[in-house]
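The structure under discussion appears below in the form of structure tokens.
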Amino acid sequence: MVKVIKSAVKCYKKRTKKTVGGRKKTYEYNQYLIPLKKSDDMECSEKVFIIPQKQFSEFVGREVSDLESYLDKIGLYQKSTIQLEEELAKLEWKHNELSRSYKATVSKNAKTNKKLRLGNERIKSLETLNNELSRHFEDKEKEYQILKAEHEAELEKNRILEDELKMQKDKDIWSSLKNRLSNGGKREQEEKGK
């Protein structure tokens, strides 16, 4: 903390007598004194800086009546500046962390987009293959329906032929029975005739 000591500059004329070239001359000049109190607790041969209040007011840009309170405010501002610098360092650290996180997220997003694009391309190729297989299946279904209709027609023909054969067999059986009966009657007559 800055220690401010208030004091007023005291001025008095000092005279000295010197002999120059065999003549005695009296020189007069201003002597300045800044009195300090015992309570100011200054050590002998301690170096100090002295700023006139007028110059300090010009430096600050306004009239400063109580220098100590002004310097206390500056000290508070310095503390605030230190706190703000610490907060800035924390925010920069957070910014760096968020930047890393953002870059990782962007990279992950790019990979996910690539996977999605490749997946969409695979879906399109599978849809194309599916459409080709569907057309092929429809063609095979038509062929199957045609073959089925032909098979059913053949089955119908076979059934008709079997019916005709059956009728023919039945007819042959009746005719052979008839022939037998008629031949059997002739045989009996022949046997009776003998």
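The values are calculated or read from the model by the stated rules, or taken from the named source; none is laboratory data. A quick note: this is a predicted structure, and the numbers were derived from the prediction, not measured. Surface accessibility is based on the protein's heavy atoms, side chains included, excluding ligands, DNA and RNA. Shrake-Rupley method; radii C 1.70, N 1.55, O 1.52, S 1.80 Å.
Points to keep in mind about this one:
- Fraction of accessible area attributable to carbon and sulfur, region 94-156 (%, probe 1.4 Å): 57 percent
- Close Lys-Lys pairs in region 122-169, where close means Cα under 22 Å and separation is 8 or more or interchain: 4
- Average accessible surface area per residue within region 23-177, 1.4 Å rolling probe, Å²: 96 Å²
- Listed residue pairs exceeding 30 Å between alpha carbons, taken from Lys14/Lys38; Lys14/Lys47; Lys6/Lys90; Lys47/Lys73; Lys10/Lys79: Lys6/Lys90; Lys10/Lys79
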